[in-house]
Amino acid sequence: MTIRAAGLPFAWHSGMFRQFRTLSHEFRKAPCGERFQRLYHRREARQCGPITRSFFLGTGLTIMALGLLLMPAPGPGTVVLIIGAAIAAQESLRVARVMDRCESRLTDSVRRVLQWWRSRSTGAKALVIATTAGSTAWLGVAGFRMVASIFAGEF
């Protein structure tokens, strides 16, 4: 189904994507540790009403809760949690500050891990990969057996 078939005017469609591109470009261009606060201040400057603010904050918190529920399952739990936090950060300066701190710490951690990885020999990298693959396989089998025993009534 196209936008026109859904009854939406093309100008609305193109304007929405243009606004999203501009917002994502500004977000990526902002320095690490300030991105979410800038997003908050940008949204604050538009002076939305309390109903709109409550809607966005409630939506963000709901998506964050969904992300927490999805965490134990393999898949997008972390991504859903981050998207919910980003939506909530647009309406709450406190959430925006927490997200900026988390982003700074995560960026530093990734930088250190990449430095450590690059400094290792090929044999050490192969050992880490094999150990990780073996551990993941073992956890998968153990999880499968646990779920199977629950459904078999042996738990």
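The values are calculated or read from the model by the stated rules, or taken from the named source; none is laboratory data. Quick caveat: nothing in here was measured; it's all calculated off a predicted structure. Cβ sites come from the backbone with ideal geometry, for glycine too, and all protein chains shown count toward neighbours. Heavy atoms of the whole protein, side chains included, go into the accessibility calculation; ligands, DNA and RNA do not. Shrake-Rupley method; radii C 1.70, N 1.55, O 1.52, S 1.80 Å.
Overview of values
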{"item": "Peptides ranked, highest mean first, by Cβ atoms within 10 Å: ranges 88-99, 55-66, 39-50, 140-151", "result": "88-99, 55-66, 39-50, 140-151"}
{"item": "R0 of 30 Å, Cβ-Cβ distance M146-D108: FRET efficiency to nearest 0.05", "result": "0.25"}
{"item": "Span per principal axis, largest first, for the Cα atoms of region 112-155 (Å)", "result": "50, 20, 8"}
{"item": "Rg and Dmax [Cα atoms of region 78-155; Å; Rg one decimal, Dmax integer]", "result": "19.6, 50"}
{"item": "Listed residues K125, K29 arranged by accessible area, highest first, probe 1.4 Å", "result": "K29, K125"}
{"item": "Inter-probe distance in nm under a simple model that places probes 7 Å from Cα toward Cβ, at F27 and R97", "result": "2.2 nm"}
{"item": "Surface per residue (accessible, 1.4 Å probe) for the chain, Å²", "result": "76 Å²"}
{"item": "Whole-Å semi-axes of the ellipsoid equivalent to the chain (Cα gyration tensor, √5λ, descending)", "result": "38, 25, 18"}
{"item": "Inverse of mean 1/r across different Cα pairs in region 24-105, Kirkwood, Å", "result": "13.0 Å"}
